Every structure is written in C-alpha cells, then in structure tokens.
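So the structure is just underneath, and the comments pick up after that.
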Amino acid sequence: MSESSNHKPSTSELKFDTKLLHFGDEIDKTTGASSVPIYQASTFHHFDIFNPPQHDYSRSGNPTRQALEDYIALLEGGVRGFAYSSGMSAISSVFMMFSAGDHIIVTEDVYGGTYRLLTTILSRMQIETTFVDMTDIEQVKAAIKPNTKAVYMETPSNPTLKITDIAAVTSWSKEHNLITILDNTFMTPYYQRPIELGVDIVVHSATKFLGGHSDVLAGLAVARTDELGRQLKQLQNGLGTVLGAQESWLLMRGMKTLGARMAHSEQSTAKLAAWLKGRQDITAVYYPGLEDHPGREAHERQSTGYGAVVSFDVGSGDRAKAVLNQVKLPIVAVSLGAVESILSYPTMMSHAAMPAEVRHERGITDGLLRFSVGLEDIDDLIADLEQALHATL
C-alpha cells in the first residue's frame with residue numbers, strides 16, 4: 001500500500017461536520033473506548049517525584065476536561081481552550097484579565113448576566129464600562145478613552161439580535177492595541193468563527209447550543225494567541241472556576257451532534273420568523289435571516305447561517321405573559337439552544353437585572369418574547385403558537 005493511501009488527514013484539514021466527530025480525542029488511546037473516559041479524580045499519583053505527571057490536581061488540569069478544551073479550540077480555530085463551571089464563569093474569568101482603572105467598550109444590548117457583572121461587581125473594582133450601539137462602528141470609535149483596554153462584542157446580540165461588524169471592530173481595535181472579546185453563544189463555531197476575523201478571545205455559554213440538551217451547565221473560552229492562553233490559564237487555575245469531569249463529558253457528547261441540530265433548528269426558525277412577520281398582531285420580529293433585518297448584510301459576511309433564535313414583540317407585557325401561560329409545546333424557561341424549544345421572557349428572565357429604562361432604551365420591550373427553536377416539527381410549533389396568540393387577542 002502506498003504511503004499516501006495510509007495518510008490520515010489531520011484534524012485541521014477536516015471539514016467542520018467531520019471535526020465534530022473526529023477531534024483528536026474521540027477514541028481513548030489506551031483502551032480504544034469510543035468516547036473520552038470520565039476521569040473522576042481530584043488528584044493524580046506522582047510515580048516519580050522528579051518527573052511529575054501531566055495532571056497533578058483536577059483544578060489545574062483533568063484529562064476529561066483537557067479533551068473538551070482541545071475540542072473547542074479546534075472548532076473555533078484558536079490555540080487554547082478553557083472550560084468553566086458556567087457561561088458567566090467563563091465571562092467573569094476573562095474579565096479578570098483587567099485591572100482597576102481599566103475601561104472596556106461593550107455592546108449595549110448585552111446579555112443581562114454580563115450587564116449585571118459589569119455594573120454591580122466589576123464597577124466596585126473600578127473597572128469602567130461604556131455601553132454602545134455596536135451596529136454603528138463610529139459609536140465604538142467615539143467611546144475610546146486613554147484607559148480603554150478591550151472591546152466586548154455580542155453578535156447577534158441577546159435578545160434583539162443586532163449585528164456587529166466583527167472585522168471592522170477588530171481591525172480598529174488592533175490599531176489601538178485593544179483586546180477583542182466576543183460572545184459566540186448564539187451562532188456557535190458551526191456558523192461563526194470570530195477568531196478567523198481577528199477576535200482575540202471567544203466565549204460561550206456552552207449550556208446553550210453546544211451542550212444542546214438542557215442537562216449541563218458550562219462555559220468555554222478560546223484564546224487566539226499563546227500569550228492570551230497563558231493569561232487565561234493562570235486565571236482559570238487561580239480562580240478555580242473549572243468544569244467538572246462529568247460535565248465535560250456530557251458537553252462533548254452534546255457537541256458531537258451540533259451540526260445536525262443547528263441545521264435542523266435554523267431551517268425551522270426561518271419558517272417561524274417568516275410566519276411571525278406576516279402576522280398583523282406582532283409589532284416587531286428580530287431574526288438575521290429576514291430580508292429587512294438591518295444587520296443582515298454584515299451578518300452574512302461573517303456567518304454561514306442565521307441561527308435558531310427569533311425574538312418578537314406581541315405588543316404589551318400583559319399579552320406576553322398571557323402567551324407564555326397559553327403555549328403547550330415550548331418549555332417556558334430561562335436559557336436557549338436545546339433540543340426542545342424554549343420560550344423566554346427577557347423582561348423577567350435573562351434581562352431582569354437590567355433596569356426597565358435601560359431595557360427599553362435597548363429595544364427590550366415588555367412585550368418582547370424570545371423563541372429558541374428546537375427539534376420539534378415546525379408546523380406543530382407554529383400551530384401551538386398560533387393558538388396562544390389567538391387566545392390572547
């Protein structure tokens with residue numbers, strides 16, 4: 001047999017859907033087991049005190065977590081990945097790179113948990129934040145100060161799905177030596193790989209689409225450079241904000257089906273968004289795949305799909321609450337990105353930490369609902385939502 005016929009492509013050469021299943025650690029090298037073993041151990045024996053093992057204590061490193069961290073680094077195209085106990089743990093740890101007196105420019109309609117962290121915790125540490133409408137690059141540029149150290153993006157934003165031009169922001173940021181950070185939870189690396197567009201650090205609430213089954217709480221971060229990787233590793237180890245072995249294994253299991261789940265859900269979401277757009281009793285629909293979405297052109301330059309989240313305004317807070325109590329199929333809950341559809345009410349859930357006047361300024365109205373489309377038949381989901389909307393007219 002020729003040498004070329006024996007060649008097994010490296011993981012970096014594979015197409016994305018193949019990487020999801022063949023990421024380097026998919027087969028245990030010792031036993032041939034078809035999934036990464038769960039190393040449920042807190043500490044590791046030193047067989048030779050002069051030659052310590054790769055892993056010595058699970059806060060500092062665990063083989064199961066390491067497999068996951070290498071997995072997400074491969075998918076995002078970064079040099080090093082990190083797994084945390086939640087999405088907010090990942091975000092908080094990344095923000096610990098900054099010090100008192102530093103200033104960060106942040107997407108104005110950022111996730112409510114991130115807003116709460118910045119305005120009630122990091123503010124006490126004298127880390128300053130300016131929230132701007134990142135759909136306008138000129139507003140980003142105008143927000144810079146002598147002490148600005150970073151730009152934090154979320155695109156599409158949560159829950160109004162506004163689009164930031166990633167390449168434009170990263171290009172400008174590099175001119176000013178600013179670190180760029182992007183929350184890629186909504187798109188996942190299946191549809192959007194920010195590091196390829198110059199972003200320095202990508203973060204995820206892996207609880208959502210990456211996990212995909214509403215059964216694991218996790219966060220991930222990926223560094224573009226070795227130096228940023230070293231900084232994040234020091235923070236992860238120092239803060240102890242790590243993901244356990246069992247959760248790491250669950251997350252890897254969920255990630256293997258990411259491509260199939262995202263493709264199915266996106267197709268359904270496009271149909272739901274178009275149906276909502278045609279209704280007279282819906283005052284606004286937010287979805288990047290709609291022809292009239294203001295950020296569609298920018299989104300299509302940087303993403304290969306539109307995602308599986310659509311937000312829509314039913315006209316009032318009272319009607320929104322009535323719809324939530326009337327639907328039968330989607331679970332009414334915090335979170336998104338699962339195999340089952342999830343209908344959320346940002347005003348009382350994801351963005352409850354935001355003062356009402358701040359929410360309204362950012363377009364998060366009392367009548368806004370956020371629909372994360374799962375794997376149910378879309379016709380059943382539409383029929384269920386139709387009866388709920390009709391009952392609340």
**OP:** State which residue pairs qualify: first residue under 23 Å from MET262 (Cα atoms) and inside the range 179-202, second residue open to solvent by 10 Å² or more (accessible area, probe 1.4 Å) and part of a strand (DSSP E or B) in any location, beta carbons under 6 Å apart, and separation of 6 or more residues or different chains.
**Re:** THR185/SER205
**OP:** Residue by residue through the range 15-34, note down the ones that are touching a helix residue (DSSP H, G or I) at 6+ places or on another chain (Cβ under 7 Å) and closer than 23 Å to TYR84 by Cβ.
**Re:** LYS19, LEU20, PHE23, GLY24, ASP25
Subject >> Which listed residue, of ALA270, ALA221, is crowded, with 24+ Cβ neighbours inside 10 Å and not β-branched (Val, Ile, Thr) >> reply: ALA221
Subject >> Residues that are under 21 Å from the mean Cα position of the chain (by Cα) and over 20 Å from PHE186 (Cβ atoms), drawn from the range 344-393 >> reply: MET348
**OP:** Would you be able to tell me the number of residues in the range 340-353 that are open to solvent by less than 10 Å² (accessible area, probe 1.4 Å) and more than 17 Å from VAL327 (Cβ to Cβ)?
**Re:** 1
Original post:
Going by the structure shown, is VAL79 open to solvent by 70 Å² or more (accessible area, probe 1.4 Å) and under 19 Å from the mean Cα position of the chain (by Cα)?
Top reply: yes
Original post:
So which residues in the range 354-376 are within 14 Å of ALA308 (Cα to Cα) and either among the aromatic types (Phe, Trp, Tyr) or open to solvent by 20 Å² or more (accessible area, probe 1.4 Å) (or both)?
Top reply: PHE371, LEU375, GLU376
**OP:** Check VAL334 against each of (1) in contact with a Ser or Thr (Cβ under 8 Å, 6 or more places away or on another chain); (2) touching a residue at least 40 places away in the same chain (Cβ under 8 Å); (3) surrounded by fewer than 23 Cβ atoms within 10 Å (Cβ to Cβ); (4) not acidic (Asp, Glu) and name the one condition it does not meet.
**Re:** (2)
Original post:
Within the range 377-393, which residues are in a helix (DSSP H, G or I) and open to solvent by 40 Å² or more (accessible area, probe 1.4 Å)?
Top reply: ASP379, ASP380, ALA383, GLU386, GLN387, HIS390, ALA391
**OP:** Could you list all residues from the range 349-367 that are assigned to a helix (DSSP H, G or I) and among the charged types (D, E, K, R)?
**Re:** GLU357, ARG359, GLU361
Original post:
Which one of ASP133, ASP183, ASP102, ASP165 is charged (D, E, K, R), open to solvent by less than 40 Å² (accessible area, probe 1.4 Å), closer than 30 Å to ALA273 by Cβ and more than 14 Å from the chain's Cα centre (by Cα)?
Top reply: ASP133
Subject >> Close pairs (8 angstrom Cβ cut-off, 6 or more residues apart or separate chains): in the same structural domain as ASP102 (by the TED database) in the range 146-167, small (Gly, Ala, Ser) and in a strand (DSSP E or B) anywhere >> reply: PRO159/SER311; PRO159/SER344; THR160/SER311; LEU161/SER311
Original post:
Of these, ARG319, ARG370, which one is among the charged types (D, E, K, R) and assigned to a strand (DSSP E or B)?
Top reply: ARG370
Subject >> Segments classed as helices (runs of 4 or more DSSP H), wholly inside the range 205-279, with at least 1 members that are at pLDDT 95 or above and in contact with a Lys or Arg (Cβ under 6 Å, 6 or more places away or on another chain) >> reply: 226-239, 245-255
**OP:** Just name the residue that is nearest to TYR115 (Cα to Cα) out of those in the range 322-348 that are of a type in the set (A, V, I, L, M, F, W, C) and in a loop (DSSP other than H, G, I, E, B).
**Re:** MET348
Original post:
Just one of GLU357, GLU340, GLU376 is without any contact (Cβ under 8 Å) to a residue 12 or more places away in the chain and charged (D, E, K, R); which is it?
Top reply: GLU357
Original post:
Which one of these is crowded, with 17+ Cβ neighbours inside 10 Å and farther than 21 Å from ARG224 by Cα: THR64, THR11, THR18, THR43?
Top reply: THR64
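The values are calculated or read from the model by the stated rules, or taken from the named source; none is laboratory data. Everything numeric here is computed off the predicted structure, so don't read it as measured data. All Cβ positions, even for glycine, are placed from backbone atoms using ideal geometry, and neighbour counts span all protein chains on display. Note: accessible area is taken over every heavy atom of the protein model, side chains too, but ligands, DNA and RNA are not part of it. Shrake-Rupley method; radii C 1.70, N 1.55, O 1.52, S 1.80 Å.
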